[in-house]
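What follows is a single structure, written as structure tokens, with notes after it.
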Amino acid sequence: MELLTIGAFARVSRLSPKALRLYDELDLLRPARVDPGTGYRYYAVGQLGRARLVAWLRRLGMPLAEIRAVCALSPGEAAREIGAYWARVEAETAMRRDLAAFLVDQLTGTLDTSGREPMMMLELRHSARTDRGLVRPANQDTLYAGRRLLAVADGFGPAGLAASAAAVEALRYLDEAETLPVDGELGELGVLGALEDAVRAAGLAVAELGGGTDEVGSTLTALLWTGSRLALAHIGDSRAYLLRGGELCRITQDHRVSPQDLLLSKALAGGADPVPDLRLQEPLAGDRYLLCSDGLTEAVSDARIRELLASASGPEELVAAALAAGAPDNVTCVVADVSVAAG
């Protein structure tokens, strides 16, 4: 077996000796031989394929823990995981791009932050429905539809209902407060910050229920109405959709390990600090928003959802469609319509 010194292997693999030593310690790329006297590392030519794969995945920005998992898979499975990882990166980049554009507009004065009311006052009207479905023994979804706040949470684990209820409860103060928390000149940025803080509080409440383990948790997708805009917070695989001009657009990204896998890459669980996706929506009169648990989207296609929303159907019809398709999971829907305020 032909062996290369760590220096020679670093040159041909385009990995630095420092990186190779780290990957050895992490059991990601072990040398073929270590000199027992000097501790010097030697690598086999046959290890170049794995080394180059690691180098390419690092260039993609993939965390080392995920690289280790990918390297343990067959080529076909590894390709699917890389595709799923990059889809998550693109979705998260799109979220950050929207927020960056908003920040630029706010800080350069493009958006009005003077507190003056817009020329056209809008209002949000909503309706909601939740159902156990046809298979689950209990409903672990929780919904909230108040004056300003709309939220859907899908609990899982032995205390799933308590988890989803705790997640929603942590946001309720935003609906009940006399005024929304804003940060002076930064306007709606204060609302996004308050919404993020509420999601973090929800994470703490859920973690306490689960004793810091991943056995109990919840998704959480929420919209907060400011009177002129909608602030969105999202973590997990419940969803938010926008129907505008007859076209349906999903405005959240599922936080799943892979598109085919029901395991969540992000959720309110395990005591980890939850980092929700955040964005601001600029609503138009005639818009329809849908918040739903995956009990709807696993049973009913996006095309059918668009058809129902475009026909002015509400949450009752959406839930009925899921039940007609077998409803293997709990189904929860909140539909909100943006219209010109009367008077």
Can you compute log10 of I(q)/I(0) for region 1-106 with the Debye formula, treating each Cα as one identical point scatterer, at q = 0.20, 0.23, 0.24 Å⁻¹?
-1.00, -1.20, -1.26
The answer for the chain, accessible area per residue at 1.4 Å probe in Å², is 49
Please list the helices of the chain that count as membrane-span-like by this rule: a mean Kyte-Doolittle hydropathy of at least 0.0 together with Cα atoms stretching 15 Å or more along the helix axis, each helix being a complete DSSP H run.
48-60, 188-209
HN-Hα J couplings of region 283-289 from phi, Karplus 6.51/-1.76/1.60, θ = phi - 60°, integer Hz, Gly and Pro as x?
x, 10, 4, x, 5, 10, 10
In whole percent, what relative contact order does the chain give with Cα contacts below 8 Å and a gap of six or more residues?
18
Region 240-314 versus region 130-159: alpha-carbon centroid distance in Å
15
Rh_Kirkwood(region 220-324) over Cα pairs, Å, one decimal, evaluates to 14.7
Roughly to the nearest percent, how much of the accessible area of region 215-267 is carbon and sulfur, given a 1.4 Å probe?
50
Rg in Å to one decimal, and Dmax rounded to a whole Å, for region 222-275 via C-alpha atoms
13.6, 41
Provide Rg and Dmax in Å for the chain, with only Cα atoms included in the calculation.
24.1, 87
Mean ellipticity per residue at 222 nm, deg cm²/dmol - from DSSP H runs of n ≥ 4 across the chain, formula -39500 (n - 2.57):
-12000 deg cm²/dmol
Under a 10 Å cutoff between Cα atoms, tell me which one of Val70, Val319, Val206 has the largest fluctuation in the Gaussian network model of the chain.
Val70
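The values are calculated or read from the model by the stated rules, or taken from the named source; none is laboratory data. As the structure is a computational prediction, the values presented were derived from the model and not from experiment. Ligands, DNA and RNA are stripped out before the accessible areas are found, and what is left, the full protein with its side chains, is counted by its heavy atoms. Shrake-Rupley method; radii C 1.70, N 1.55, O 1.52, S 1.80 Å.
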